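The structure appears below as structure tokens.
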């Protein structure tokens, strides 16, 4: 196969240090040729670099505390069932879509101390300390319900069990919520996301 790869632009390096099976392995290397800077049309590099989080122009959404009636304005009941999120949930930092409309069930339960009280990110609302109750968006039965979310490794928190913390998968702002490792319930703080109205 050496001739085939040489015709495709690979250079012969020699015998490989890899040992697998009874036959010798050989190494070849291909180095792509990059276009000269003057060959790239003006503005292309700048456009590519602006595709990162900092360069995106997304609406940041509205924080819960900015709604006149708070939770009443962001939750809606359909058919008398459990209230669901009326608006898509966004990262309050980069505006990335976290959860589509109607996926999260509004649930009141005990607060969870996801980080030390003096280490809350300035762009995230401080949560009341347990055992106080707060409101969460409960997402079930799998993480595939999210549009965009990141998970930490299991971490020890003030709770009895290790938890996985949820953060924006695009800009890493978090924690915005939590779940138990291997669990089917994912809890997103109503106060730590914004809402696309």
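Annotations
Every residue, every condition in (1) out of contact with any strand residue (DSSP E or B) (no Cβ under 9 Å at 6 or more places or on another chain); (2) part of a loop (DSSP other than H, G, I, E, B); (3) under 22 Å from residue 62 (Cβ atoms), yes or no:
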position: 118; (1), (2), (3): yes, no, no
position: 122; (1), (2), (3): yes, yes, yes
position: 138; (1), (2), (3): no, no, yes
position: 171; (1), (2), (3): yes, yes, yes
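- Residue match in the stretch 184-195 (condition: in a loop (DSSP other than H, G, I, E, B) and more than 17 Å from residue 85 (Cα to Cα)): yes
- Checking 193, 155, 139 one by one, the residue that is modelled with pLDDT of 95 or more and out of contact with any helix residue (DSSP H, G or I) (no Cβ under 7 Å at 6 or more places or on another chain) is 193 and no other.
- Scanning the stretch 153-182 for residues that are surrounded by 16 or more Cβ atoms within 10 Å (Cβ to Cβ) and without any contact (Cβ under 8 Å) to a residue 40 or more places away in the chain gives 164, 166, 167, 179.
The values are calculated or read from the model by the stated rules, or taken from the named source; none is laboratory data. Note that this is a predicted model, so its numbers are computed, not measured. Cβ coordinates were reconstructed from backbone atoms using ideal geometry, including for glycine residues, and neighbour counts include every protein chain displayed.
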